[in-house]
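Below is one structure, written out as structure tokens, with a few remarks after it.
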Amino acid sequence: MGQDKNATPGQRTGFLGTLKDALAAASRDDTGRAQPEDATAAEAPTEPMQLPPPLPEAVDEAEVMEGEADNPDTEAVAAMTQIASGLSAADAAREARGGTSVVTPTVAQVQQVDETTRVAKDMVANEEGASRTQLVRGKVEVARGQFSCDPVVGWLVIVGGPGIGSFRPIYEGNNSIGRALTQRIPIDFGDDAISSEEQAFIRYDSSDRSFLFVPNLSKTNVVSVNNARPTGAVELSAMDVIVMGRTQIVFVPFCGKDFDWSEIAEK
């Protein structure tokens with residue numbers, strides 16, 4: 001027998017109406033509030049909010065450094081710590097006071113320290129191994145030996161013309177004078193009026209300790225000694241003036257009547 005379509009839910013007595021009413025009653029709690037049909041729609045429990053860590057307390061750097069000023073070791077360590085790690089002065093002082101290591105030195109820093117240490121050790125070793133200057137007391141006996149080069153017996157000093165202010169040594173025996181470097185006394189200062197070879201000769205004889213100037217008469221350009229043109233050997237004295245070409249030269253003896261190398265030569 002069919003049900004009336006216009007009947008209310010409470011008026012329905014069929015099986016479907018009874019089942020629907022039972023399910024609706026079961027969905028109510030003791031307070032009369034309906035539970036959500038979908039359990040997944042319920043709110044998930046929230047975790048408590050975590051607060052950020054507290055900020056470090058401000059440190060008065062002047063106060064920290066003043067407290068460490070009486071300790072020179074701590075002050076030195078603090079300075080080194082600050083340079084190596086880039087910390088502030090207060091942090092470096094605090095690390096030094098605690099005796100903790102702030103940074104680990106790099107390989108380059110270790111190598112630099114080793115190199116500095118090695119150089120310092122080498123300097124000390126060189127100073128210890130070097131011979132020290134000895135103090136000479138009393139009369140010292142000077143050893144005489146053979147000459148290692150031709151002994152100088154005098155000089156020619158350029159006082160006019162090219163090369164003014166220069167000088168050339170005179171040696172024992174016969175000395176040829178000319179512009180060429182092969183001459184024993186080369187007057188090579190740019191005066192082309194002087195012959196390249198054997199313009200003249202200066203001879204020192206140790207037996208009579210005298211100097212002779214001998215012009216080369218075969219040369220076209222003539223020479224003069226004290227404004228005179230010699231035609232043969234002329235004995236030279238100190239500060240005699242010789243003119244060759246456009247060059248004026250003064251004679252300065254070292255050996256002579258008062259001294260000769262034979263006096264101190266090895267006997």
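The values are calculated or read from the model by the stated rules, or taken from the named source; none is laboratory data. Since the structure is predicted, the reported quantities are computational estimates derived from the model, not experimental observations. Positions of Cβ are generated from backbone atoms using ideal geometry, with glycine treated the same way; all protein chains shown enter the neighbour counts.
If I filter region 204-222 down to residues being modelled with pLDDT of 95 or more and in a strand (DSSP E or B), which single residue comes out as farthest from Asp260 (Cα to Cα)? Within region 204-222, the match that is farthest from Asp260 (Cα to Cα) is Pro215. Just one of the numbered conditions (1) at pLDDT below 95; (2) over 17 Å from Val252 (Cβ atoms) is not true of Pro151: (2). Every test in (1) surrounded by fewer than 16 Cβ atoms within 10 Å (Cβ to Cβ); (2) outside any loop (DSSP other than H, G, I, E, B); (3) at pLDDT below 80 is passed by Ala93 save one, and that test is (1). In region 225-267, the qualifying residues are those that are among the polar types (S, T, N, Q), touching a Pro at 6+ places or on another chain (Cβ under 9 Å) and part of a loop (DSSP other than H, G, I, E, B), and the one that is modelled with the lowest pLDDT is Thr231.
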